[in-house]
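Heads up: the structure comes next, in structure tokens.
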Amino acid sequence: MTQSLLHQILDYANRANPYPLYEELRKTPVHHVDGGPYVVSTYYEIRSLLHDPRISSDVRNLASTARDPLAGPAEEETTLPPGFLRLDPPEHDRLRRMTNRPFGPPHSPRRIDGMRGELHDIVSGLIDDIGDPDRIDLVDQFSYPFPVTVICRLLGVPREDEARFHTWADTLAASLDPDPDADPAERGKGANEARMQLGMYLAGLIEERRKNPGDDMLSRLATAQGEDGAMTTMELISTAALLLIAGHETTVNLITNGMLTLLRHPDVLQRLREDPRLAVPLVEELLRFEPPVQLVPQRTTLADIEIRGVTIPKGASLWLVLASGNRDPQRFEDPDRFDPDRRDIQHLGLGSGIHSCFGAPLARLEAQFALSELARRLENPRLLEDPPPYRQNAVLRGPRHLPISCDGIRP
């Protein structure tokens, strides 16, 4: 039964290895059980839908009769307007354009590339501070503080405030996760409270940046007057919250999943140690093999759409299982094999279409620096637990802790 299969995928007991369940899911490319979402799990169909203008990211287009009991709280129940990730054109396009100006080409072509030296320094400092090599929690000591430090510097958020927004970010990330056993009202209440607290915090920072702007993204966004005009304060708060949370949540998983995969493939780890240039194709294969975002559960159809002989009605809840598409044997040869020499890695790990990952250039660079330096500096690293304890989240899937040991740390 599809319902029981979906519940198995969401069940924490299967978090360490959901891939056999995805294989079962692909036997019926469009799964549906009355009262549940339409679930698409095959590569070509997912990619097509990610580019289909008849697919909405705005939950307000979901038919009232199609409210998904497995999904998180609806955006209209929250205290802030949706971030651009949850909007459709033209609103999405306007906000994404405005956000991209201080982030990347063509208006800021050196913003990310110019951070290479800074990224190297942050990585080196974190590895220097690891301490006892006999027991290292890679998440708490490296994978989490690295991207948090980077996104704080990029946005202009004081790093010392990390403890304040950490809890809010965790709550909001958890609210994205389908949970068949949770009370929707309680989940919505918790998410709303976290969003309100984060919004108030960011509103104070934005006001300060308007008075005393710096060279950070928040200052640029708060004072911008471009061809699209200026963001309203509420739009700016929602955008800043999206960048702050998305700017580190997925990268934590990418780095941690990456190191876990390398420790399970010591031959590849040795190759990376000897040739750091391998980091570029290796990260692309990691994004296919162990993507940090496993599924997208919040899409809605704007019209009746036929997929593989199944008609998905207008207003239906649609789930796209990116991680399943990345292991589709109809698209990738020997898909369950980790192969950084794979020639064709057009994965779905960072999405595709208008909602492709906004921070993809930064996430790639962070993962490349992190994994190549860990490979170079950790002497004989090995897992202390396999599988490690995972986060509860099925959408943003990754280890909560990654206990490892090594013989020493090279300079």
Helix-only CD estimate at 222 nm, as mean residue ellipticity for the chain, using -39500 (n - 2.57) per DSSP H run (n ≥ 4): -14000 deg cm²/dmol
Top of Arg327, Arg397, Arg164 by mean-square fluctuation, Gaussian network on the chain, Cα under 10 Å: Arg164
Shape of segment 252-411, Cα gyration tensor, a/c cut at 1.5: prolate
Relative contact order, percent, the chain [alpha-carbon distance under 8 Å, six or more residues apart]: 26 percent
Fraction of antiparallel bridges per DSSP, the chain only, in percent to nearest 5: 85 percent
Solvent accessible area, Å² - Arg47, 1.4 Å probe, full protein context: 80 Å²
Gyration tensor verdict on segment 366-411 (Cα atoms; rounded if a/c is under 1.5, prolate if a/b is larger than b/c, oblate otherwise): oblate
Rg/Rg_globular for segment 234-290, with Rg_globular taken as 2.2 N^0.38 Å and Rg from C-alpha atoms: 1.49
Difference of contour (0.36 nm per residue) and Cα-Cα distance, Glu274 to Ser48: 77.4 nm
Most mobile of Lys189, Lys211, Lys314 in a GNM of the chain (Cα contacts under 10 Å): Lys211
Between segment 291-341 and segment 105-171, the alpha-carbon center distance in angstrom: 31 Å
Calculated FRET value between Asp170 and Glu333, using beta carbons and R₀ = 35 Å, to 0.05: 0.40
Whole-percent carbon and sulfur share, accessible surface of segment 244-399, 1.4 Å: 49 percent
DSSP-loop trypsin sites (Lys or Arg not before Pro) across segment 339-381, with at most 15 other Cβ within 10 angstrom: Arg343
Å² per residue, accessible surface of the chain at 1.4 Å: 42 Å²
With at most 13 other Cβ atoms within 10 Å, longest stretch of the chain clear of loop GluC sites (Glu not before Pro) (DSSP): 1-226
Lys/Arg +1, Asp/Glu -1 at C-beta; the chain dipole; positive extreme among Gln392, Leu244, Ser405: Leu244
Rounded Å value of the spacing that divides the Cα centres of segment 1-54 and segment 199-269: 30 Å
At least 24 Å along the helix axis (C-alpha) and Kyte average at least 0.5, DSSP helices within the chain: 233-264
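The values are calculated or read from the model by the stated rules, or taken from the named source; none is laboratory data. Note that the structure is predicted; figures quoted are calculated from it, not measured. Don't worry about glycine lacking a Cβ; one is built from the backbone with ideal geometry, like all the others, and counts go over all protein chains shown. Just so you know, the surface numbers come from the protein's heavy atoms only, side chains and all, with ligands and any DNA or RNA stripped out. Shrake-Rupley method; radii C 1.70, N 1.55, O 1.52, S 1.80 Å.
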